[in-house]
């Protein structure tokens with residue numbers, strides 16, 4: 001019994017060391033001290049070579065340095081040990097490559113091993129392919145697990161099905177939860193409903209409160225469709241100039257002020273001169 005207790009004590013001590021070294025490695029990653037992070041991840045390997053956490057950590061180190069081949073390699077090594085976050089990151093990589101079949105495989109593996117955030121990307125895969133019922137299923141699963149990022153794309157999927165009442169209900173909840181970009185999505189839904197006044201109001205509000213340049217551009221597009229072409233094109237141009245942090249003319253400053261009211265925070269956000 002004494003030997004068994006000693007063995008359990010050693011295991012617990014190793015687990016504490018692994019957790020400590022991994023946290024130190026993560027702190028170094030946040031500071032972009034990647035060599036130091038690697039050092040501590042390899043310390044974990046010396047304690048427990050088959051622990052996927054050090055492999056996953058190396059995947060993160062290389063991903064943060066945009067060394068995608070090496071990141072993929074180490075995520076794959078960890079995934080072979082059924083490490084859910086590694087399956088998730090492999091899925092994200094393939095999703096960004098638009099390799100949806102392989103992305104779906106990895107993301108479903110992530111879900112199977114308990115990584116519920118993967119439901120959101122699964123939903124996005126099917127939304128991108130306009131398989132709306134499947135998208136709604138996966139976004140709803142993510143929402144059931146309290147993932148707030150599911151609300152907006154779920155509302156978008158319902159809106160594309162012209163189930164506007166459900167979309168508005170979801171967006172009302174998202175607004176109450178202070179989920180970023182809700183105002184922009186409300187503008188999108190009203191635009192789909194051809195309720196252009198409400199769409200313009202929400203796009204303007206989105207730009208005023210969250211500096212959303214897509215909202216500003218959409219506002220300009222609506223004005224163009226309403227035959228206010230000169231004003232619409234000026235607003236679209238303004239969105240592009242703000243994105244490029246270009247010096248504005250006096251006329252453009254005046255136009256910006258007419259949209260925002262108070263330009264102080266806006267100037268600071270876009271570093272306007």
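Nothing in this text is a laboratory measurement; each read-out follows from the coordinates by a stated rule. The structure presented is a predicted model; accordingly, all values stated were derived computationally and were not measured. A quick note on method: Cβ atoms are made from the backbone with ideal geometry, for glycine too, and the neighbour counts reach across all protein chains shown.
Here are a few things to note about the model shown:
- The alpha-carbon atoms of segment 16-115 define a convex hull whose volume equals 87 cubic angstrom per residue.
- Expected 222 nm ellipticity per residue - DSSP helices of 4 or more, -39500 (n - 2.57), all of the chain, to 500: -25000 deg cm²/dmol
- Using all pairs of distinct alpha-carbon atoms, the Kirkwood hydrodynamic radius of the chain works out to 21.9 angstrom.
- Between helix 250-260 and the chain: long-axis angle, C-alpha atoms, 0 to 90°, nearest 10: 70 degrees
- When peptides 159-169, 116-126, 102-112, 242-252 are ranked by their average number of other Cβ atoms within 10 Å per residue, the highest-first order is 116-126, 102-112, 159-169, 242-252.
- Between helix 2-30 and the chain there is an angle of about 30 degrees, using the helix long axis and the longest principal axis of the Cα atoms.
- Tilt relative to the chain, helix 151-160 - C-alpha long axis, 0 to 90 degrees, to 10: 50 degrees
- Among 200-206, 229-235, 86-92, the order from most to least packed when residues are scored by Cβ within 10 Å on average: 86-92, 200-206, 229-235
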